[in-house]
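Just so you know, all these numbers are worked out from the coordinates, no wet-lab data involved. Note that this is a predicted model, so its numbers are computed, not measured. All Cβ positions, glycine included, derive from the backbone under ideal geometry; neighbour counts span all protein chains shown.
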Protein chains: 2
Amino acid sequence: MKLYDGGRAPNPRRVRIFLAEKGLSIPLVPVDMAAMGHRSNEITSLNPLQRLPVLELDNGSVITESVAICRYFEELHPQPPLFGEGALGKALVEMWNRRVELNFMAPVTSAFRHTHPAMVEWEVPQIPQWGEANRPKAIGFMAVLDEQLATSAFIAGDQFSIADITLLVSVDFLKPAKIVMPEEFVNLKRWHEVVSNRPSAKA
Amino acid sequence: MKLYDGGRAPNPRRVRIFLAEKGLSIPLVPVDMAAMGHRSNEITSLNPLQRLPVLELDNGSVITESVAICRYFEELHPQPPLFGEGALGKALVEMWNRRVELNFMAPVTSAFRHTHPAMVEWEVPQIPQWGEANRPKAIGFMAVLDEQLATSAFIAGDQFSIADITLLVSVDFLKPAKIVMPEEFVNLKRWHEVVSNRPSAKA
């Protein structure tokens, strides 16, 4: 088994943090995304969407999409559970992971990709007006996050989950996206310090 | 338990089709989205994101996000499995469901929301240039879908899954989004006829 890894981008980091939380060590194949390595023939043959990360199993099966790769490892190594426990627990992790992806990670990455000059070849067509429109969306959703974290240790409840990983890589991507977290979101800020201090955050 | 339902929109329909495939009948509370019923105080108190569907359990717990609601029912009623079986099977359903959501459902709905005059109050700011940019993205991804369906009965393999439901509601939303499926995608067209003939498609 090997994991084609894309370095600092949010999605490859999501999977590396997940593996660190599980205590798993999977052979990584580094791909230089800055040099467009994710559009090579090798990666394209594994993933026609030319995105990373990509997990290749020993039998030749290929899994793409970060959360799908994480779910594969959750099934093989259920402890610690990072997708929740019980029907309601699993549903709430799924809910928060998706809320964060759709209402925060997507606006943050869209702001970056549609306004940063280095992204002109990545995001075609680059539409700066759309990029700008995403900054207030991301900031607006921080109010929902802050309210949830006022009464909850982690974003989907008392236990750390994949939803916290998705939120961490998104918050850490605010800087390249040129979005500043307003000072008023003290619960979100407290959560960010706690989660950043977990050893997995260095992955 | 009750499901606040939003009528013809793709996400509410996703959950209704899922329930029909499971043979489950859940009390529905219709919400008139055309009259902005999803922004009422009642719905806002259940879901601050003001989106439908919303599942309210008898103990007061609330689950939002269509796939999270579906996962709750999958856990309670595993048969027939609609999220895949085994670690690899579950990962591949997750992969294809996400591929369809991110590369097809999102462009189709963005094209609609950013170009349709009736959506001006829904999508703020409405950016027609972004809406137009999404039409070729949706058409481009149909080539990936068509290639997969050349060798696979359903989108994630031999078994019908939630990924087929996501794809069905997205294909059926091409018309309001003013996107035409090119004639060349014969496998996608064949799949659409097969899936549209399942009784659940009427849900």
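Local charge sum around B:D5 (other residues, Cβ-Cβ under 14 Å, Lys/Arg +1, Asp/Glu -1)? Walk me through the numbers before you get to the answer.
Values: positive: B:K2, B:R8, B:R13, B:R14, B:R16, B:R51; negative: B:D32, B:E42, B:E56.
Its environment carries a net charge of +3.
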Using alpha carbon centers only, segment B:1-24 is separated from segment A:60-130 by a whole-angstrom value of 24 Å
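Note the full-extension length gain between B:N41 and B:A203 as 0.36 nm times their separation in residues minus their Cα-Cα distance, in nm to one decimal. Please list the in-between numbers first.
Working: separation 162, 0.36 × 162 = 58.32 nm, distance 2.73 nm.
Full extension from B:N41 to B:A203 adds 55.6 nm.
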Expected response for nearest chain B Cβ to the B-A rotation axis, distance in whole Å, is B:W130, 2
Toy charge model, Lys and Arg Cβ at +1, Asp and Glu Cβ at -1: segment A:2-76 dipole around Cα centroid in debye, rounded to 20, equals 280 debye
Note to self, chain B gives a 222 nm [θ] from helices alone (DSSP H runs n ≥ 4, -39500 (n - 2.57) apiece, / all residues, nearest 500) of -15000 deg cm²/dmol
Here FRET efficiency (C-beta to C-beta, A:M1 to A:E193, R₀ 41 Å, nearest 0.05) is 0.75
Sorting from shortest, the nanometre distances separating the label point of B:L28 (7 Å past Cα along the line to Cβ) from those of the same residue in the other copies are 4.8
Yeah, the protein assembly as shown with a ≥ b ≥ c from its alpha-carbon gyration tensor (a/c under 1.5 is rounded, else prolate when a/b outruns b/c, oblate otherwise) is rounded
Here the relative contact order (percent) of chain A, from C-alpha pairs under 8 Å and at least 6 apart, is 22 percent
Treating only Lys and Arg (+1) and Asp and Glu (-1) as charged, each at its beta carbon, one finds that the protein assembly as shown has a dipole about its Cα centre, in Debye to the nearest 20, of 460 debye
So, over other residues within a Cβ distance under 12 Å of B:E85, counting Lys, Arg +1 and Asp, Glu -1, the net charge is -2
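Contact order normalised by length for segment B:86-202, with contacts defined as Cα pairs under 8 Å and 6 or more residues apart; what percent is it? Intermediate results must be reported in sequence, preceding the final value.
Values: 124 pairs, mean separation 35.5, N = 117.
Computed value for segment B:86-202: 30 percent relative contact order.
Packing-wise, with mean Cβ within 10 Å as the measure, how do A:81-90, A:124-133 rank, highest first? Show your work: numbers first, answer last.
Numbers: A:81-90: 18.5, A:124-133: 16.2.
Ranking, from highest mean packing down: A:81-90, A:124-133.
Determine, for B:L46, A:L28, B:L76, the number of other Cβ atoms within 10 Å of each Cβ, and report the residues in order from fewest to most.
Values: B:L46 18, A:L28 15, B:L76 12.
Ordered by Cβ neighbours within 10 Å, fewest first: B:L76, A:L28, B:L46.
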Along the dipole axis of the protein assembly as shown (charges at Cβ: +1 for Lys and Arg, -1 for Asp and Glu; origin at the Cα centre), the most positive-end residue among B:I43, A:A150, B:L174 is B:L174
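With +1 on each Lys and Arg Cβ and -1 on each Asp and Glu Cβ, and nothing else charged, work out how big the dipole of segment B:86-202 is about its Cα centre, in Debye to the nearest 20. The partial results should precede the final answer.
Numbers: 12 positive and 13 negative charges, 28 e Å.
With Lys and Arg at +1 and Asp and Glu at -1, about 140 debye.
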homo-copy label distances at B:L57 (7 angstrom along Cα-Cβ), nm, one dp, ascending, are 3.1
